[in-house]
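Chemist: Starting off with a structure, shown below.
The values are calculated or read from the model by the stated rules, or taken from the named source; none is laboratory data. What you are looking at is a predicted structure, and each value in this text was computed from that prediction instead of being measured. Cβ sites come from the backbone with ideal geometry, for glycine too, and all protein chains shown count toward neighbours. For accessibility, only protein heavy atoms count, side chains too; no ligands or nucleic acids. Shrake-Rupley method; radii C 1.70, N 1.55, O 1.52, S 1.80 Å.
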Amino acid sequence: VIKTYDYSQCSEETKQIFNDLKNSLERIQANVLQGGEVVKGLLKYSRPGQGGFERVSFKDVLDGAVEMVSYKIKLREIDLIRDIPSGLPHFNANIIQLQEVFFNLIDNAYDAIKERQAIFNEEGYKGRIEISAMSDKTSLHISVQDNGIGIEGDDKKKIFTPFFTTKATSRKGTGLGLYVIQKIIAAHNGQIRINSVYRSGTCFTVSLPIKSTLVVA
């Protein structure tokens, strides 16, 4: 309706409102389609093959993830640092699934920062999320590090268990996020590791193979 409505005679303020609505609805539509791709990808976990895989750059993966997460959280409230060197090798991946991975890791880091703020109310504290990447001969290594609440010792052993969550209420998390992330990384023949200190922060490191795993017929 908004696309077909003629609001050329409206005031500038009304035109801006219509334009904002149109842009928001277009983003919703794009993310619904993207979500459908994620679901289709998850349904393929137990099946062989490399459906939807292509050579991608991590910069494109991260740019998409940050754009998506910026519609959910207030990035201006924290320091978001991206230390991504130029010239990183491309790698074989499903870009939609990997954007979902880093969307969730950034979102979780933000929640951990907000939880630390709420519990400890430390003077001068400001949230920080740093995303860095490096490569060696065989793999690309990406770290997502925050200075949030951190994870207590016993909980670290359960962090990738389905339906387990460290978030304060069930409304903040279903406990499936990190489980699904691990499944996506495994489907890319990669690994994910965690290092966390309570009241200091958490670092997730994702390692992905650089060489293509596509099977040539």
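Chemist: Quick one: Karplus J couplings for the range 129-142, per residue in order, coefficients 6.51, -1.76, 1.60, θ = phi - 60°, nearest Hz, x for Gly and Pro?
Modeler: Values, residue by residue: 10, 10, 10, 10, 9, 8, 9, 10, 5, 10, 9, 9, 10, 10 Hz.
Chemist: Can you give me the long-range amide H partners of GLY127? Hydrogens built in the peptide plane at 1.01 Å from N, cutoff under 5 Å, separation of 5 or more residues or another chain.
Modeler: ASP79
Chemist: How would ASP111, ASP154 line up by accessible area, probe 1.4 Å, largest first? Don't skip to the answer; put the middle values down first.
Modeler: Working: ASP111 20, ASP154 110 Å².
Sorted by accessible area, descending: ASP154, ASP111.
Chemist: Taking the Cα of PHE120, stepping 7 Å toward and past its beta carbon, and measuring to each backbone N in the range 132-150: which are under 14 Å?
Modeler: In the range 132-150, the label zone of PHE120 (backbone N under 14 Å from the point 7 Å along Cα→Cβ) covers 146-150.
Chemist: Quantify how much of the Cα-Cα distance distribution of the range 60-143 extends past 16 Å, in percent.
Modeler: Numbers: 1991 of 3486 pairs.
When all Cα pairs of the range 60-143 are counted, 57 percent exceed 16 Å.
Chemist: Sequence neighbours fewer than 8 away in the same chain don't count; with that in mind, list the aspartates and glutamates whose C-alpha is under 15 Å from LYS3.
Modeler: Within the straight-line limit of under 15 Å, LYS3 reaches these aspartates and glutamates: ASP20, GLU26.
Chemist: Starting from the Cα of ARG55, step 7 Å along the direction of its Cβ; do the same at GLN34; then give the gap between the two resulting points in nm.
Modeler: The two pseudo-label positions are separated by 2.4 nm.
Chemist: Right, something else. My understanding is that a pair violates if its Cα-Cα distance is over 30 Å; which of LYS15/LYS72; LYS59/LYS137; LYS22/LYS126; LYS59/LYS183 do that in this structure?
Modeler: LYS22/LYS126
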